[in-house]
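S.K.: This is the structure I want to talk about, given as structure tokens.
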């Protein structure tokens, strides 16, 4: 009625809708309810968190951020307020093939067999290559991700898809992580990873190469998941004029946001850096991975059932520490639900 009062008379609309004119005017002059005021305040906080996440967070991560701040609120309430305020996360794009297999090279054995879990740092790394489109042409990005904390520990960018790209990414990871103690480096069978030069660098660094099967999306799914995040939260939302601009943006996303601030659902909605810091404070290398369904990808036959059962039954020290951490009380009781 309020939206159409410039077109129709209030009395006519009240008569058609079966309400009293006095009731409408009393409703219009009534102050906001306590719940409505709480929703308005909460919506403002949601908008701030969404802006700080570079407008990428959906309801689960915004809910985790609010809980971290001590606000007790239901996830469905957060989702409802986001819908009303037209706030939403981001979606993903189609992929482009960057893996070119060299039939002349013999691939390394698969040491992972889709078991993307680790009980501490520098036990299992996953690596892959993607592309960043620019007006001047593609910028190629190679990354190395630590499965334990989901942190990008090594990366390299270049205008050509060559072996040196993956060598530089692995070298950064080795230099950053220090004593790696025979870490498994898992990748696809792209010619850059099966090359003699890359194998030589692995031997010199004490890295054990591992490669999945050909044409199987599950065999390197964890690294593909990071690329999907990069694409939907950065690449699909910007158009880069040249490779230098794209390189700065990707660097800022990895080091300024993903590793240090972005909450990850597989590690208790913590950022990778915060996860590693909390593990160091607790004094354990145990992972938060075993009891999350996304950590065990499809296997075959009895092995799949055995690992799924074992993963579901594990409880890790970090998860217990996080759940037992005392929370600050809510800033106002009207936000409780």
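Each row is one residue, and each column tells you yes or no for (1) surrounded by fewer than 13 Cβ atoms within 10 Å (Cβ to Cβ); (2) closer than 30 Å to residue 257 by Cβ; (3) in contact (Cβ under 8 Å) with a residue 40 or more places away in the chain.
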residue	(1), (2), (3)
19	no, no, no
30	yes, no, no
37	no, no, yes
42	no, yes, yes
61	no, yes, yes
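For every residue, the table says whether it meets (1) more than 23 Å from the chain's Cα centre (by Cα); (2) farther than 30 Å from residue 77 by Cβ; (3) at pLDDT below 90; (4) exposed (fewer than 14 other Cβ atoms within 10 Å of the Cβ).
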residue: 247; (1), (2), (3), (4): no, yes, no, no
residue: 267; (1), (2), (3), (4): no, no, no, no
residue: 276; (1), (2), (3), (4): no, yes, no, no
residue: 306; (1), (2), (3), (4): yes, yes, yes, yes
residue: 321; (1), (2), (3), (4): no, no, yes, no
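S.K.: Can you name the residue in segment 200-224 that is part of a helix (DSSP H, G or I) and touching a residue at least 40 places away in the same chain (Cβ under 8 Å) and, of all such residues, is farthest from residue 143 (Cα to Cα)?
M.R.: 218
S.K.: Of the numbered conditions (1) out of contact with any helix residue (DSSP H, G or I) (no Cβ under 8 Å at 6 or more places or on another chain); (2) closer than 20 Å to residue 110 by Cβ; (3) touching a residue at least 40 places away in the same chain (Cβ under 8 Å), residue 177 satisfies every one except a single condition; which is it?
M.R.: Result: residue 177 passes all but (2).
S.K.: Given the structure, is residue 154 at pLDDT 90 or above, surrounded by fewer than 20 Cβ atoms within 10 Å (Cβ to Cβ), in contact with a helix residue (DSSP H, G or I) (Cβ under 8 Å, 6 or more places away or on another chain) and within 26 Å of residue 238 (Cβ to Cβ)?
M.R.: Here the answer is no, as residue 154 does not meet what is asked.
S.K.: I've got another one for you. Select from segment 46-65 the residues that are touching a helix residue (DSSP H, G or I) at 6+ places or on another chain (Cβ under 7 Å) and assigned to a helix (DSSP H, G or I) and write down the one among them that is farthest from residue 264 (Cα to Cα).
M.R.: 46
S.K.: Tell me which residues, restricted to segment 232-249, are closer than 13 Å to residue 139 by Cα, in contact (Cβ under 8 Å) with a residue 24 or more places away in the chain and in a helix (DSSP H, G or I).
M.R.: Scanning segment 232-249 gives 235, 243, 245, 246, 247.
The values are calculated or read from the model by the stated rules, or taken from the named source; none is laboratory data. In this text, all values refer to a predicted model and were calculated from it rather than measured experimentally. Cβ: placed from backbone, ideal geometry, glycine included. Neighbour counts: every protein chain shown.
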